[in-house]
């Protein structure tokens, strides 16, 4: 394993993040505050509690998941697409670096950025609501796994994309709607039975449900299914990345 190559890619990607640190820090703080104003104040005044948890606290795991997923995809997809766009990816491919080291460098940096954003949102949320985490280690494990899995997914999108518009296509038209419809701001038990069944086909439900369990000890689906879902998604993304580098799909062709 060429750790120097991994460190170089990781350091380069993180340096780009720190150059816009204030923007990266302020944006999630403002967005989280607006969500609490809109959902916490407006809707929270009509919904006192959800399964014994105040509505303001109930939406925190959904807010974190929404930002972590989108940030992980965005950072990873742009990180690998930009070298494709300017042509420096061929220098990387011709260097004595294998595909695993490239993936670890780019995905590791994207996951670190998303994790940072998640922690910032968690800290911001604590300013608005009384937040207690029942299973802190499980919470961090879920967040890290989500950051890694969706960074892998974003890496695949960055390779697939042929222009900057396509970079935003899947996050905006697929991932964000799935998160909003995946129980981010409500419990699926509040839905009619037919919609509860339909919602269970949304894979994001299992991620948010497991993450919410780590906060409040309650979940819409069994915690084992949540772990299985995120492990399966991560494995699927890893297989897809391996196939891309094996065939050179949209990298060498």
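What follows is calculated from the coordinates using simple rules that are stated; it is not laboratory data. Small disclaimer: the values here were computed from a predicted structure and weren't measured.
What to note about this one:
- Tilt relative to the chain, helix 99-125 - C-alpha long axis, 0 to 90 degrees, to 10: 30 degrees
- Choice from 87, 108, 79 with maximal GNM fluctuation in the chain (Cα, 10 Å cutoff): 87
- Cα shape, region 1-150, gyration tensor, a/c 1.5 rule: prolate
- In degrees, nearest ten, helix 60-86 long axis to first principal axis of the chain (Cα): 10 degrees
- Per residue of the chain, the DSSP helices (runs of n ≥ 4 H) give a summed -39500 (n - 2.57) that works out to -23000 deg cm²/dmol at 222 nm.
- Relative to the dominant Cα principal axis of the chain, helix 136-160 is inclined by about 50°.
- Net length gained if the chain between residue 169 and residue 82 were fully extended (0.36 nm per residue, minus Cα distance): 29.7 nm
- Taken over region 108-153, the convex hull of the Cα atoms encloses 62 Å³ per residue.
- Note on region 204-231 and region 7-37: Cα centroid distance 26 Å, given to the nearest whole angstrom.
- For region 170-252, the Cα-based Rg and Dmax, in that order, read 15.5, 49 Å.
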